[in-house]
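One structure below.
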Amino acid sequence: MTVDSHSGVSAVGTDGGAVGERWARVDARAKVRGELRYAADEALRSCLDVVVTRSTRPHAVIESIDATRATQVDGVVDVVTGAELHAILGDAIFTGPAFADQPCLAVGKVRYVGEPVAAVIARGHAAARAGAEEVAVDYRELEPIHDVDAAVLGAPFVHDELRPSVVFGDLAHLHGIRDTNVNYEYVLRHGEPAAPPPGSTTVQHEFWCPPTHHVPIELPFTAAWRDGERLEILSTTQTPSYVRQSVADLLGIPLGKVRVRSAPLGGSFGAKMYDRLEPLAAALAWTRRTAVRIAVTREEAFLLTTRHGAAVTGSMTADADGTIVAADADVRYDTGAYADVGPRITAKSGMVASGPYKIAQAHVRSRCVYTNKPSAGPFRGFGVPQVTWSHESLVDELARVRGEDPAAFRRRNLLREGDVSVVGTPMHSADFVGCLDAVTAALDWDSPIERPTGRYRRGRGVAVGIKAVLTPTISNAVLQLNQDASATLLISTVDMGQGSDTIMAQIAAESLCLPEGSVRVVTADTDVTPYDTITAGSRSTYHSGNAVRKAADAMRDKLIDIAAARFGVPATDVKLTGDGLVSTQTQETASIPELLHGHFGARGTTLTSEAEFRTQWQPYDKQTGRSPQVTEHWFAGAAAAQLTVDTMTGRVHVEHLAIAGDVGRAINPALVEQQLTGAAVMGLGHALFDQMVFDEGQIVNGTLLDYQLPSIHDVPDKITPIVVENPHRTGPYGAKGVGETTIIPLAPAIANAVRDAVGIRFTRLPLTSERILDALSEEDS
Amino acid sequence: MTPIDLTVNGERRTVPVGDDDLLLDVLRELGHTSVREGCGVGACGACTVLADGHSVSSCLARAVRYDGVAITTADGLPTDDDVVEEFVAARAMQCGYCIPGFVLMGHELLAENPDATAAEIDAHLEGNICRCGTYLEIRTALQNVVARRRHDDMARRRHDDMAKESA
């Protein structure tokens, strides 16, 4: 692997020797030896197993459920239906982060094939599975709606009325609205619509991104048990703080009576967040006063959540000078049967649907639409890859129609530091031009490539991406400095492979001049670790990182105060170094162990500090969709690919893929490069083959025998990850997140290279061999 | 239930198993949680173990067929295992869930083919999925094992030759 590290200007000094270092992951050896314990590896109290009976209909009224034969299966303890839980819990059974529309077991109606209808509780997984097969459900079928564009138009309706949750105040006006499948609409209006100027060029296309699945290799797992009047949960979740509140609301019990523990996750990418298995496990454990465990199969995991399929009607206009003057996007997100966080995705992606460009006039309409399919939710990129597929294809085509180099065309139109985007919020620490230049330079863009005219055709393509970080959010950190000069960090950030336990240890170590290996990060446990909004949306390095930095700075100040008293000098004369505390006046020194021993008069003591970090926004204007502070910061990334297309087989072979992200400041460049590369490999799958296929609402490739994921053979011949650093003024040591940055522009970079190679513009993902061959033969005829 | 003799990481024990019990579940119940289900259909490699040195998808293997067979799991590898060392050094992990499977596949390959090339490594690992996309680091780790063993081998031979000469 080639690595070109562009070391940026480091605005903030790093005397502590931790930030910017390539520390090994704190759990590296345990991961390689398989000794790290994931949720399902933990020894638990004895639990009953739960398997659900799933709907075989996409849209139907449940006439009756007969559990007689199921209860006769050896080992089956109980069979629970949605109606029974609804009778106990009331409408609190309907949960969700944006809309309270999803029951953990269907109540009255089913809305997708695979929806849980009844829960079988049994001694042992096999008995539960056998019982679930025996539950007989009588359905009265309703007309289903599968296509997002048909659902926009009207009946049949997936829900009788909209049920916005109490979480987001700005959705309150949607409460009780009937006869629509559109649960949310975001509109952006920037500039006055005008006729295209003379000599201008317009391109317009219909784009489609299919639903895809996250497929973290670790399967979702939740255990829950009642401990007197408390409920305890161990779950594979990125959102322990959210789950705690959601479960307290579901059961109608105080927040303090719910304990949620997470664990290191075996990947997630958005699959394991908000309400997944937790509401059902909690409801069963609480109402049946027992301990339950839900371990789903891969086939079931495919039904829990998906990435939104999205249709985009987009157009873009450049004037005679090659300035982009107008952009239009009509975006329809297929959110499936339940909204989940779809409405937030719809707005967050709508804001950037015209791309990272200075544009005088932009209009976006972005809608979140119910259909009778599994619920779509968050997925690495949060809806932005779908609109980037549109704007980066359009920009590319516009450049080509104008006869201009696509990179040069972009460079002229890209937003720069201080520029205000079409959504009204200025740019800072988002170096789109730097990312574009880095990836094109890596490909030696300005030198012509060899372009064979036979079976194999070579091409190059580039794309740029923009995304806003989730705002407003909250992070907290509690730090304990142990008397032996090691530290224990309590945060609710979940390490799911992004390396947060290592990054946060580095940030904590920096202010305290602690060495590698001295900071332990405690796994999220709501009885122990403080509130954190979510581990998602590439927010942790900035938000949790800032809380950790503030807590570590507070700890340093405490140490200095204690040392100043010990040395009898003012605090301003005390410095903390790698060797401990030193008086610049008297040269007296004390190591941290000596200082704490002296302070407390005991060994084994701990000194504690804590900090919170919050971000604020100005909600976007309802009419224009604009706000001067819609987000705390922006992510900027770019991808460039050189590839060949085999015109006999339709296969794409990527020879070189360069990817870059402006991360503000890399806390750990090695982990940043892994995130840039890993997101690119995942994005390559989305570009070339990764998709969920549905037939009348039934998923037809929901096993890993049928669902294609990138393997070692799909890795490009060469990958160049490039770290671009423009420190963020309020980032911890200038840092921002990175996990999504390179998945965003990946698919259009590949498609633009295919366009360059064979002259065909693809507007539907993925670019399978079959689709490419079809297009080539259409071209011939 | 049929009692079978299972030797796991050199430790022999008798385990009663049902006809349908999967090797995956039996090993996990014995505490070897480095063996993990990822797909249940033998398509991801997370459940890989070595049975008499050969890789097996334990999610498809009936435990009853492994009577008298020596099983190796990643958690039972020696503490100075060179494949483990090179995975750690090459940072060949992100979430880490799939990595034990890759480590065992690497052991199998390099036992059969100590001079495995990058292409041969790729061919051997094609059935293992790393969703975090850590393939380049994994390939590098195994190439480094090849180089390390070759180097150690040469050093050993040199040492033997010198010993012969002085004798």
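Derivation of every value follows stated rules applied to the coordinates shown; laboratory data play no part. Source: prediction; values computed, not measured. We place every Cβ from the backbone using ideal geometry, glycine too, and count neighbours over all the protein chains shown.
Summary of values
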{"quantity": "Of A:Lys558/A:Lys736; A:Lys31/A:Lys373; A:Lys348/A:Lys718; A:Lys467/A:Lys550, pairs whose Cα-Cα distance is over 31 Å", "calculated": "A:Lys31/A:Lys373; A:Lys348/A:Lys718"}
{"quantity": "Contact order normalised by residue count of the stretch A:214-304, Cα under 8 Å, 6+ apart, percent", "calculated": "42"}
{"quantity": "Convex hull of the stretch A:214-304 built on C-alpha atoms - directionally averaged projected area, nm²", "calculated": "5.2"}
{"quantity": "Extended-chain gain in nm, criterion 0.36 nm per residue less alpha-carbon gap, A:Ile177 and A:Gln618", "calculated": "156.2 nm"}
{"quantity": "The stretch A:160-266: GluC sites (Glu not before Pro) in DSSP loop, at most 15 other beta carbons within 10 Å", "calculated": "A:Glu229"}
{"quantity": "Relative contact order for chain B, counting Cα pairs under 8 Å that sit 6 or more residues apart, in percent", "calculated": "21"}
{"quantity": "Spin-label model distance (nm) - A:Asp419 vs A:Lys558, 7 Å beyond Cα toward Cβ", "calculated": "4.6"}
{"quantity": "Exposure proxy ranking, count of Cβ atoms within 10 Å, fewest first, for A:Thr222, A:Thr572, A:Thr741, A:Thr644", "calculated": "A:Thr572, A:Thr644, A:Thr222, A:Thr741"}
{"quantity": "Amide H contacts of A:Ala636 (H built 1.01 Å from N, under 5 Å, at least 5 apart or other chain)", "calculated": "A:Asp662"}
{"quantity": "Cα-based Rg / Dmax (Å) for the stretch A:332-472", "calculated": "17.5, 54"}
{"quantity": "Phi-based couplings in Hz for the stretch B:41-57 (Karplus 6.51, -1.76, 1.60; Gly and Pro marked x)", "calculated": "10, x, 10, 10, x, 5, 9, 4, 10, 9, 10, 6, x, 9, 5, 9, 7"}
{"quantity": "The protein assembly as shown: radius of gyration over Cα atoms, expressed as a fraction of 2.2 N^0.38 Å", "calculated": "0.95"}
{"quantity": "Cα-derived Rg over Rh, computed across the stretch A:336-404 with Rh taken as Kirkwood radius", "calculated": "1.07"}
{"quantity": "Sum of side-chain charges, A:Val521 neighbourhood, beta-carbon under 11 Å (Lys, Arg +1; Asp, Glu -1)", "calculated": "-2"}
{"quantity": "Cα gyration tensor category, rounded, prolate or oblate, for chain B with a/c compared to 1.5", "calculated": "oblate"}
{"quantity": "Shape metrics for the stretch B:25-88, restricted to C-alpha atoms - Rg then Dmax, Å", "calculated": "12.0, 35"}
{"quantity": "For the stretch A:293-388, alpha-carbon Rg relative to the globular expectation (2.2 N^0.38 Å, N residues)", "calculated": "1.31"}
{"quantity": "Stokes-Einstein diffusion coefficient of the stretch A:107-204, Kirkwood radius over Cα pairs, 20 °C, 1.002 mPa s, in µm²/s", "calculated": "115"}
{"quantity": "Linear extension gain, A:Thr606 paired with A:Val522, 0.36 nm per residue minus alpha-carbon span", "calculated": "28.7 nm"}
{"quantity": "Relative contact order (%) - criterion: Cα under 8 Å, at least six apart; region: chain A", "calculated": "17"}
{"quantity": "Alpha carbon convex hull of the stretch A:657-781, volume per residue in cubic angstrom", "calculated": "152"}
{"quantity": "Kirkwood-Stokes translational diffusion coefficient of the stretch B:77-167, alpha-carbon pairs, 25 °C, 0.890 mPa s, µm²/s", "calculated": "175"}
{"quantity": "Simple label model, 7 Å out from Cα along Cβ direction - B:Arg62 to A:Thr577, nm", "calculated": "7.1"}
{"quantity": "Contour minus Cα-Cα distance for B:His54 and B:Ala89 (0.36 nm per residue)", "calculated": "10.1 nm"}
{"quantity": "Rounded FRET efficiency, nearest 0.05, which uses the C-beta distance separating B:Thr117 from B:Lys164 and R0 of 41 Å", "calculated": "0.80"}
{"quantity": "nm² value of the averaged projected area, convex hull over the Cα atoms of the stretch A:508-630", "calculated": "10.9"}
{"quantity": "Kirkwood hydrodynamic radius over Cα pairs of the stretch A:148-280, then Stokes diffusion coefficient at 4 °C and 1.567 mPa s, in µm²/s", "calculated": "68"}
{"quantity": "For the stretch A:267-308 and the stretch B:15-79, distance of Cα centres in Å", "calculated": "26"}
{"quantity": "Separation of alpha-carbon centers, the stretch A:592-622 and the stretch A:310-373, rounded to whole Å", "calculated": "42"}
{"quantity": "Under 17 Å from the A:Thr730 label point (7 Å along Cα→beta-carbon), backbone N, the stretch A:451-472", "calculated": "A:468-472"}
{"quantity": "Simple spin-label estimate for A:Val166 and A:Asp149 in nanometres, 7 Å along Cα-Cβ", "calculated": "4.1"}
{"quantity": "Helix B:99-112 vs. chain B, principal-axis angle (Cα, 0 to 90°, nearest 10)", "calculated": "60"}
{"quantity": "Hull shadow area, averaged, the stretch A:523-580 [alpha-carbon convex hull, nm²]", "calculated": "5.8"}
